[in-house]
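Participant: Sharing a structure, written as structure tokens. Questions coming.
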Amino acid sequence: MALARAIAALGVAVLAAGCTAVVGGKAQPAPNLAAGPLGGPALEQVLLDGAALSKLLQQPFRTDAHFRPRVGGPDQLQDDGPASSDCLGVAVMLQRSVYQPARVKGVAIESWLHAARSVKVISVKEGVVSFPAAADADALFAKFSEQWRKCAGTTLPLPGSAVRVTAKITDTRVADSVLAATVSMGLTVPGSDPAAVLEGRALGVRGNCLVEVELDFFNTSNPSHQGSGDVDTSAAQIAHALMDRVSALS
């Protein structure tokens, strides 16, 4: 699923990657604001709808018909293949191999596509993962923080695809209980020029949940494109909105 989305995005946007690796900050999970563990069907209510995303990013979105919303247990985590690197979780969200052996209780995922031409963001993917207790979420966030911190400047092949897809992690950072990264997703097809698309990633912790966000971008250097999306900040902005919903629902 993750690689299919990456390949689809690469098919409609070709970008040049040239970011400088920057790593800063120290992981500081927010105080446990949740009154109790969040889980079950309520996880779906954490996710933003198209109207909320449109308001945040100032461009319209529509449901991704190829990737319907998924809500359930740990089996809803994506399984593109074994983790060949600690950096896989930076490049691709909600991978089963990345979350093992954590005690995942529930998962909700939804994808959105741009609903107009000449916009900045191609697609948005959002997810929430629940655990038995806030301590479980905090511990995994601390583990991921250490992994992400070391991944700036790393390029890795992605598993589970018949074509060659690589992820170049050009920037990682942490602030206000959210990890963020900028990734250049590259696709090499025999007989054609390499293509690439920029991706903004974020992972946050709140209560007994981790939230994940992935945004794919068109050529953001074009000032005429509609929207406020920014590859370095928008994923974290959406992650904070999801974290606020976790607090409100707990």
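Participant: Please work out which residue is least open to solvent (accessible area, probe 1.4 Å), limiting yourself to segment 213-250 and to residues that are β-branched (V, I, T) and over 23 Å from A134 (Cβ atoms). Lay out the reasoning, then the answer.
Facilitator: So the first thing to find is which residues in segment 213-250 are β-branched (V, I, T), and the list is 213, 220, 231, 233, 238, 246.
This time we only want the ones that are over 23 Å from A134 (Cβ atoms), so: 220, 231, 233.
Details: T220: 57, V231: 18, T233: 80 Å².
Across segment 213-250, the extreme among qualifying residues is V231.
Participant: In addition: For segment 6-13, check the following and say yes or no: at least one residue is of a type in the set (A, V, I, L, M), farther than 27 Å from A175 by Cβ and modelled with pLDDT of 95 or more.
Facilitator: Checked segment 6-13: no residue is of a type in the set (A, V, I, L, M), farther than 27 Å from A175 by Cβ and modelled with pLDDT of 95 or more.
Participant: Can you give me the number of residues within segment 192-250 that are among the charged types (D, E, K, R) and in a strand (DSSP E or B)?
Facilitator: 6
Participant: In addition: Can you report the number of residues in segment 123-146 which are in contact with a helix residue (DSSP H, G or I) (Cβ under 7 Å, 6 or more places away or on another chain) and either aromatic (F, W, Y) or modelled with pLDDT under 95 (or both)?
Facilitator: 2
Participant: Further question on the same structure: Would a scan of segment 47-55 turn up a residue that is over 26 Å from M185 (Cα atoms), open to solvent by less than 30 Å² (accessible area, probe 1.4 Å) and either in contact with a strand residue (DSSP E or B) (Cβ under 6 Å, 6 or more places away or on another chain) or not hydroxyl-bearing (S, T, Y) (or both)?
Facilitator: Checking segment 47-55: at least one residue is over 26 Å from M185 (Cα atoms), open to solvent by less than 30 Å² (accessible area, probe 1.4 Å) and either in contact with a strand residue (DSSP E or B) (Cβ under 6 Å, 6 or more places away or on another chain) or not hydroxyl-bearing (S, T, Y) (or both).
The values are calculated or read from the model by the stated rules, or taken from the named source; none is laboratory data. Predicted, not measured: the structure shown is a model, and the values here were computed from it. Every residue, glycine as well, gets a Cβ built from its backbone with ideal geometry; the counts of neighbours run over all protein chains shown. For the accessible areas, the whole protein counts, side chains as well, though only heavy atoms, and no ligand, DNA or RNA atoms are used. Shrake-Rupley method; radii C 1.70, N 1.55, O 1.52, S 1.80 Å.
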